[in-house]
Amino acid sequence: MPELSLAIAQHVTEFDAHTLRPGTLHAARRALLDGIGVMLAASGLSPECAPFIDYAVASGPGTASIVGRGARTGAAMAAFANGAMAHALDFEDAFDAAPTHPNAALLPAVLAIAQTGPRVSGRELLAAIAIGCDLTCRLGLSLRREMEAGGWYPPPILGAFGAVAAASRMRRLSSRQTLDAFSLVLCQATMPGEIKYSRDTVIRAVREAFPAQAAVQSSALAAAGVRGFDAPFEGRAGFFRLYADGQFDPAAVLDGIGESFYIEQLSFKRWPACRGTHAYIEAAQLLRARHGIVPEAVVSITAIGGDVQRMLVEPAERKRAPATAIDAKFSIPFTIAAALADDEVTLDSFDPAALADPRKLALAARVGFEQHPGWGRAQAASGGLVIELSNGERLEHQVDIAAGHFSRPLDDAALTAKFRDCARRAHQPASAERIDAFAAAIWDIDARQDSAAVFEDC
């Protein structure tokens with residue numbers, strides 16, 4: 001079997017969870033808490049998810065939870081519904097160094113298998129999260145041609161492989177079976193760049209439903225003996241050939257694998273919008289607080305950024321007046337407007353009333369864009385802002401790396417507060433006491449012999 005795919009599969013199956021460092025375990029707990037909280041909020045706030053939830057429920061009863069809905073179904077369908085909710089609010093973690101949301105498909109898959117598969121301890125569940133998240137990040141970092149050049153949309157595609165790695169680990173597959181699971185998910189992992197271009201589509205919100213379901217199905221079929229490929233990653237028509245024209249660095253995948261985990265370098269979101277908008281939200285809030293800006297005094301706003309940020313300002317007409325919540329969250333003009341008009345940018349900043357708010361629309365209409373020479377993928381969480389006021393003042397601020405990055409992290413208390421706020425917005429909200437108990441159980445999950453018990457009431 002070719003070296004790269006086999007090495008990845010062996011790492012997934014053979015890594016000893018007892019060797020995980022405390023920092024890696026803690027990072028996995030943070031990712032789990034944050035991801036479950038975001039799904040809970042989406043269960044009550046995201047109408048885009050309703051068809052996915054209804055479809056899952058109609059598939060029949062089971063033992064896997066649909067988060068926040070008080071319903072249970074089979075593993076693949078629960079992952080499908082929860083995957084739709086995992087990114088619907090664009091509030092989940094991100095990996096700034098590569099185009100990934102490494103846990104958005106992974107956590108729904110892990111949750112479904114924890115509740116339906118063999119008993120898995122809390123520590124093993126955290127290990128599966130850490131291993132799968134790390135693989136997604138490493139795949140993203142290894143690319144030497146951007147997937148967008150081939151017309152693809154990277155996050156759900158990359159995330160499918162981390163999700164199936166975690167699922168295979170949870171099912172205790174052999175290395176050969178894990179190769180098979182990677183092969184089977186390769187047969188399903190896709191997302192066209194066209195996801196970005198239609199004004200009324202909400203697929204960008206619910207996109208993680210597909211890789212989450214694929215990960216559960218692929219690991220189950222591999223466990224049942226379906227044989228896949230020997231080289232799903234580096235093969236002549238494998239992942240890297242299909243999605244990056246064969247241009248990748250295997251060292252970025254394998255160097256230090258099992259010794260360091262990129263889950264320790266995630267960004268956790270303070271604001272429920274695309275990570276690429278966060279530097280602009282932060283800059284706008286700072287200038288507003290420092291100079292007492294009122295929206296009516298703003299003459300013009302210039303957002304300064306690179307190619308990554310350009311995607312969030314064009315086409316200008318659509319980004320200045322987004323038709324859907326998910327498009328507003330992928331809009332630098334609208335998020336700047338929310339940062340200047342609202343006391344804080346929250347989940348309420350993107351509800352239907354907010355999208356029609358004339359003050360925000362007027363501010364967004366004044367936002368232009370200026371290309372920063374030399375800014376590329378490495379500056380995905382950077383941004384500069386220039387605001388000109390009616391009194392002639394010109395205010396400027398640049399954020400080199402937005403809040404929430406692991407170098408400027410949300411601390412555990414802030415992350416728990418975010419979880420509480422999200423959980424109280426669930427379709428079936430719980431009492432404050434139950435929410436706190438749920439959070440405490442997640443923080444303590446590695447002490448549990450049966451991780452599924454933590455999720456009984458989710």
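The set of residues in region 166-225 that are acidic (Asp, Glu), farther than 22 Å from ALA149 by Cα and crowded, with 18+ Cβ neighbours inside 10 Å contains only ASP180.
Within region 377-387, being closer than 18 Å to GLN285 by Cβ and surrounded by fewer than 20 Cβ atoms within 10 Å (Cβ to Cβ) holds for one residue alone: VAL386. In the condition set (1) outside the structural domain of ILE66 (by TED's automatic domain parsing); (2) in contact (Cβ under 8 Å) with a residue 12 or more places away in the chain; (3) closer than 27 Å to ALA27 by Cβ, SER407 is compliant with all but (2). In summary, no helices (runs of 4 or more DSSP H) completely within region 217-299 bear 3 or more residues that are outside the structural domain of ALA94 (by TED's automatic domain parsing) and closer than 21 Å to SER168 by Cβ. Entry remark, region 300-317: residues being more than 11 Å from GLY384 (Cβ to Cβ) and either part of a helix (DSSP H, G or I) or free of Cβ contacts under 8 Å to residues at least 24 places away in the same chain (or both) number 6 in total. Do you know which residues across region 86-102 are out of contact with any strand residue (DSSP E or B) (no Cβ under 9 Å at 6 or more places or on another chain), crowded, with 24+ Cβ neighbours inside 10 Å and in a loop (DSSP other than H, G, I, E, B)? Hits for region 86-102 are LEU89, ASP90, PHE91, GLU92. Regarding SER5, is this residue surrounded by 20 or more Cβ atoms within 10 Å (Cβ to Cβ), in a helix (DSSP H, G or I), of a type outside the set (A, V, I, L, M, F, W, C) and under 19 Å from the mean Cα position of the chain (by Cα)? Judged against the criteria, SER5 is not a match.
Residue-by-condition table, conditions (1) closer than 29 Å to PRO118 by Cα; (2) of a type in the set (Phe, Trp, Tyr); (3) in contact with a His (Cβ under 6 Å, 6 or more places away or on another chain):
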{"residue": "MET147", "(1), (2), (3)": "no, no, no"}
{"residue": "VAL164", "(1), (2), (3)": "yes, no, no"}
{"residue": "ALA167", "(1), (2), (3)": "yes, no, no"}
{"residue": "ARG172", "(1), (2), (3)": "yes, no, no"}
{"residue": "PHE182", "(1), (2), (3)": "yes, yes, no"}
{"residue": "CYS187", "(1), (2), (3)": "yes, no, no"}
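When the test is whether a residue is in contact with a Pro (Cβ under 9 Å, 6 or more places away or on another chain), small (Gly, Ala, Ser) and either within 26 Å of LEU173 (Cα to Cα) or not in a helix (DSSP H, G or I) (or both), GLY83 passes it. Does VAL345 meet the test of being over 27 Å from the mean Cα position of the chain (by Cα), surrounded by 18 or more Cβ atoms within 10 Å (Cβ to Cβ), β-branched (Val, Ile, Thr) and not assigned by TED's automatic domain parsing to the domain that holds VAL38? So VAL345 fails the test. Cβ-Cβ contacts under 9 Å between residues 6 or more apart (or on different chains), taken from a first residue in region 336-365 that is closer than 24 Å to GLN398 by Cβ to a second residue that is of a type in the set (Asp, Glu) and surrounded by 21 or more Cβ atoms within 10 Å (Cβ to Cβ), are listed as ALA339/GLU282. Here the condition is being under 20 Å from THR136 (Cβ atoms) and either aromatic (Phe, Trp, Tyr) or under 14 Å from the mean Cα position of the chain (by Cα) (or both); of ALA31, ALA42, it holds for ALA31 alone.
Kindly indicate whether ARG199 is part of a loop (DSSP other than H, G, I, E, B), under 22 Å from the mean Cα position of the chain (by Cα) and assigned by TED's automatic domain parsing to the domain that holds PHE15. Spelling it out, ARG199 is indeed part of a loop (DSSP other than H, G, I, E, B), under 22 Å from the mean Cα position of the chain (by Cα) and assigned by TED's automatic domain parsing to the domain that holds PHE15.
The values are calculated or read from the model by the stated rules, or taken from the named source; none is laboratory data. Just so we're clear, the structure is a prediction, and the values are computed from it rather than from any experiment. Neighbour counts run over all protein chains shown; Cβ positions are idealised from the backbone, glycine included.
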